[in-house]
Amino acid sequence: MILPIVQYGHPTLRKKGARVEQITPEVLQFIEDMFETMHDAAGVGLAAQQVDRAIQLTVIDVREVKDRPSTLELDGKPADAHAFMPLVLINPEIKPFGDPATGPEGCLSFPEVYADIARPEGVDVVALNAKGERIQFKAGGLLSRAIQHEYDHLQGILFIDRMSAKARAEVQADVDTIQAETKAALQKKK
């Protein structure tokens with residue numbers, strides 16, 4: 001089922017997610033719905049907060065992006081990032097590493113807003129997968145950027161918080177419009 005994606009101004013986007021204590025059939029269905037929602041919206045990642053659930057769960061799939069490579073290391077050896085997709089991260093812990101790399105980012109909760117964001121070039125990840133198994137890996141390139149972006153969502157941090165002052169100023173009018181439309185829609189629901 002395709003879930004509604006909440007947009008900037010919705011309070012859930014600023015909530016830190018609660019840990020997922022048990023992987024129930026309901027959680028597995030939610031994961032399936034998140035992937036369907038993300039693919040329908042042509043995204044590469046989706047955090048639970050973006051579909052109005054403040055829990056530590058995100059889904060990622062970078063296979064459709066051909067012009068921005070991803071790297072992956074499993075057990076200290078290079079691996080095929082595409083073969084590792086689609087990726088479910090439950091209760092993830094990350095340790096970014098490397099020099100900051102600047103690259104373009106967008107967000108499904110900010111339609112048509114894009115900016116260059118500086119993030120560390122790589123990330124070490126420990127999380128649970130959809131089967132409740134512990135997974136551990138290193139990621140670089142687009143996969144690293146997507147993981148850091150989605151991890152931020154799980155902490156209530158948005159990509160506009162990572163923008164330079166100049167980039168933020170360039171998109172501020174669009175961001176303000178999205179926020180105003182979201183707040184107006186939420187008022188109508190009351």
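The values are calculated or read from the model by the stated rules, or taken from the named source; none is laboratory data. For clarity, every value in this text was computed on a predicted model and none was experimentally measured. Cβ placement follows ideal geometry from the backbone for every residue including glycine, while neighbour counts extend to all protein chains displayed.
List of remarks:
- Asp52 satisfies every condition listed in (1) touching a Pro at 6+ places or on another chain (Cβ under 9 Å); (2) under 23 Å from Ala185 (Cα atoms); (3) free of Cβ contacts under 8 Å to residues at least 40 places away in the same chain except (3).
- Where a residue in region 86-102 is surrounded by fewer than 20 Cβ atoms within 10 Å (Cβ to Cβ) and part of a strand (DSSP E or B) and its partner, wherever it lies, is of a type in the set (Asp, Glu) and modelled with pLDDT of 95 or more, with Cβ under 7 Å and at least six apart: Lys95/Asp124; Phe97/Asp124; Gly98/Glu121; Asp99/Glu121; Ala101/Glu121; Thr102/Asp116
- Residues of region 1-58 that turn out to be farther than 12 Å from Leu108 by Cα and β-branched (Val, Ile, Thr), as a count: 9
- Leu143 being in contact (Cβ under 8 Å) with a residue 12 or more places away in the chain and either farther than 23 Å from Ala42 by Cβ or touching a Lys or Arg at 6+ places or on another chain (Cβ under 7 Å) (or both): no
- Those residues of region 65-77 which are surrounded by 11 or more Cβ atoms within 10 Å (Cβ to Cβ) and not polar (S, T, N, Q), in sequence order: Val65, Arg68, Pro69, Leu72, Glu73, Leu74
- None of Ala180, Ala184 is surrounded by fewer than 19 Cβ atoms within 10 Å (Cβ to Cβ), in a helix (DSSP H, G or I) and without any contact (Cβ under 8 Å) to a residue 24 or more places away in the chain except Ala184.
- Candidates in region 103-140 are the residues that are β-branched (Val, Ile, Thr) and under 22 Å from Ala41 (Cα atoms); of these, the one that is surrounded by the fewest Cβ atoms within 10 Å (Cβ to Cβ) is Val113.
- Here region 141-158 is the region considered, the condition is being within 22 Å of Arg19 (Cα to Cα) and hydrophobic (A, V, I, L, M, F, W, C), and the residue that is surrounded by the most Cβ atoms within 10 Å (Cβ to Cβ) is Ile147.
- Residue satisfying condition, being assigned to a strand (DSSP E or B), under 20 Å from the mean Cα position of the chain (by Cα), of a type outside the set (A, V, I, L, M) and modelled with pLDDT of 95 or more, within set Gly132, Gly122: Gly122
- Strands (runs of 3 or more DSSP E) wholly inside region 6-81 containing at least 3 residues that are at pLDDT 95 or above and under 27 Å from Ile160 (Cα atoms): 45-47, 57-60, 70-74
- Look at (1) farther than 16 Å from Pro111 by Cα; (2) in contact with a His (Cβ under 9 Å, 6 or more places away or on another chain) and you find that Lys189 fails only one, number (2).
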